[in-house]
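Following: one structure in structure tokens, then a few remarks.
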Amino acid sequence: PLAIDAAAYRQDFPILSRQLREGVPLVYLDNAASTQRPQAVIDAMDACYEGYYANVHRGIHTLSEESTQKYEDARLRVAQFLSVANECELIFTAGTTAAINLVARSWGDANIKSGDVILTTMMEHHANIVPWQQLAQRTGCRVEFAPLTEDGRLCIESFDKRLSDLQPKLVALTAASNVLGTINPVAELVAKARDAGAVTLVDAAQAVPHAQVDVNQWDADFVTFSGHKVCGPTGIGVLHGKQQLLDAMPPFLGGGAMIHRVTTSGFEPAGLPEKFEAGTPAIAEAIGLAAAIDYVDSVGLDRIHAYELQLCTIAHEALQEIEGLHILGPDPKHKAGIVSFAIDGVHPHDISQWLDRRGIAVRAGHHCAMPLHELLQISASTRASFYFYNTPEEALQFAAAVRSARDKFNRPRKRT
Ligand code: PMP
């Protein structure tokens, strides 16, 4: 039996009933790039703008107090969702990218010096590579990459060896790859990194939406995710940091709200979390994120995880029948709901366009993971990524369309 009855949830998502063109219903399989929003999230944001919106924290008037209350309630909701006991450890950011850049600028500039090593992996999104490369440009540190196994999992032996050989100051790794789908054993890797003396950062952009995350179980120093990948709005994300580290870090952006006091000769920063939330925050977006968390929690993260495995398995089995098609990454049981592949002699852009004409939205390209694609010796791949509102029929429709794309575009090469 299926872990989820998707039909029951699909009606909550207005966009999922869209016809792309006459008689061509939308099959949305681009959830790793961004998910869709249920009516409850749209309503929560509308209610904010229509009923009580004002700037937070500053005003002593009713609307400002109401907005502040809802904004801080949203932080509490995130805290409960991730099992964070102390909500001042949660910083609202614009997303995962902004959160990692915050850590690189604030913690990185204060703690990293020439010759230090930052260890990341070969399966990272550019958001967990480029900020460290920029830190390397500023400080002279080195960014090293832990290698993968043949089937696209992190090679634990090599990771261990890199930890002991390189003695990294920071280990920054993804909880789940946005291309391979690989789920990493985060708690185990973080424990090893900490034992080797490193600070740890987990990019949970592809994990938080797809399985129950308890930050205590991971025990990383920093964890980040984005709202828009978990049915929430764009422009909002979360950085969780351990208080001791956050307290010791200098503020990144300066301006309003992040200060305790300013004089002509200097400033005193505010406490957590305001120290890292300079300027007017994304108020309605934070409130929308809390509504999104309520929604996915009501679906159940354990069920979502089990259901994505079922969809992924259906897609894998159907795709495996297609000659010349190579699925990237491991067996579905080691994956989040992501199936990327390459077909000999067929360009991913052609596949993606062919699928789009049949209403199926997938992504083609390097998916912001160019080093990984270079390792795989392909310039691009096609990615289908599922969420709990997708159906087995959609997975099969997708695989059938891929097969027809292959038949259309993969003409045998002429003999010379
Ligand atoms: N890390 C991973 C693993 C991702 O999949 C993404 C989004 N594709 C990001 C980071 C960046 O997230 P955002 O664009 O929301 O900042």
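Nothing in this text is a laboratory measurement; each read-out follows from the coordinates by a stated rule. Everything quoted here is computed from the prediction, not taken from an experiment. Here Cβ is always computed from backbone atoms with ideal geometry, including for glycine, and neighbour counts include all displayed protein chains.
Summary of values
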{"item": "Amide H contacts under 5 Å for residue 148, placed H, 5+ residues apart", "result": "155"}
{"item": "Extension gain (nm, one decimal) between residue 8 and residue 407, 0.36 nm per residue minus Cα-Cα", "result": "140.1 nm"}
{"item": "Between helix 130-139 and the chain: long-axis angle, C-alpha atoms, 0 to 90°, nearest 10", "result": "50 degrees"}
{"item": "By average C-beta atoms within 10 angstrom, highest first, the peptides 22-28, 266-272, 132-138, 37-43", "result": "37-43, 132-138, 22-28, 266-272"}
{"item": "Share antiparallel - DSSP beta bridges, the chain, percent rounded to 5", "result": "60 percent"}
{"item": "CD proxy at 222 nm, helix term only [per DSSP H run n ≥ 4: -39500 (n - 2.57); per residue of the chain; nearest 500]", "result": "-11500 deg cm²/dmol"}
{"item": "Viscosity 1.567 mPa s, temperature 4 °C, Stokes-Einstein D of the chain from Kirkwood C-alpha radius, µm²/s", "result": "58 µm²/s"}
{"item": "All lysines inside 23 Å of residue 192 as judged from Cα atoms, apart from same-chain residues fewer than 8 positions distant", "result": "113, 161, 169, 242, 335"}
{"item": "Electrostatic dipole magnitude of the chain [Cβ: Lys, Arg +1; Asp, Glu -1; Cα centre; debye, to 20]", "result": "1320 debye"}
{"item": "Euclidean distance of C-alpha centroids, the range 346-409 and the range 9-41, integer Å", "result": "18 Å"}
{"item": "³J(HN,Hα), Karplus 6.51/-1.76/1.60, whole Hz, each residue of the range 372-378, x for Gly, Pro", "result": "5, 5, 5, 4, 7, 6, 9"}
{"item": "For the range 358-369, 3J(HN,Hα) per residue [Karplus equation, 6.51 cos²θ - 1.76 cosθ + 1.60, θ = phi - 60°, Hz, x = Gly/Pro]", "result": "9, x, 9, 8, 10, 10, 10, x, 9, 6, 6, 9"}
{"item": "Cα convex hull of the range 287-386 - mean projected area over all directions, nm²", "result": "7.9 nm²"}
{"item": "Extension reserve of the residue 212-residue 65 stretch, reckoned as 0.36 nm per residue once the Cα distance is removed", "result": "49.7 nm"}
{"item": "Distant-in-sequence amide H partners of residue 328 (H built 1.01 Å from N, under 5 Å)", "result": "340, 341, 342"}
{"item": "Residues residue 260 and residue 358, FRET efficiency given R0 of 45 Å [Cβ-Cβ distance, rounded to 0.05]", "result": "0.20"}
{"item": "Dipole magnitude of the range 1-108 about its Cα centre (Cβ charges: Lys, Arg +1; Asp, Glu -1), debye to nearest 20", "result": "340 debye"}
{"item": "Amide proton proximity set for residue 172, modelled H, under 5 Å, gap of 5+", "result": "119, 120, 201"}
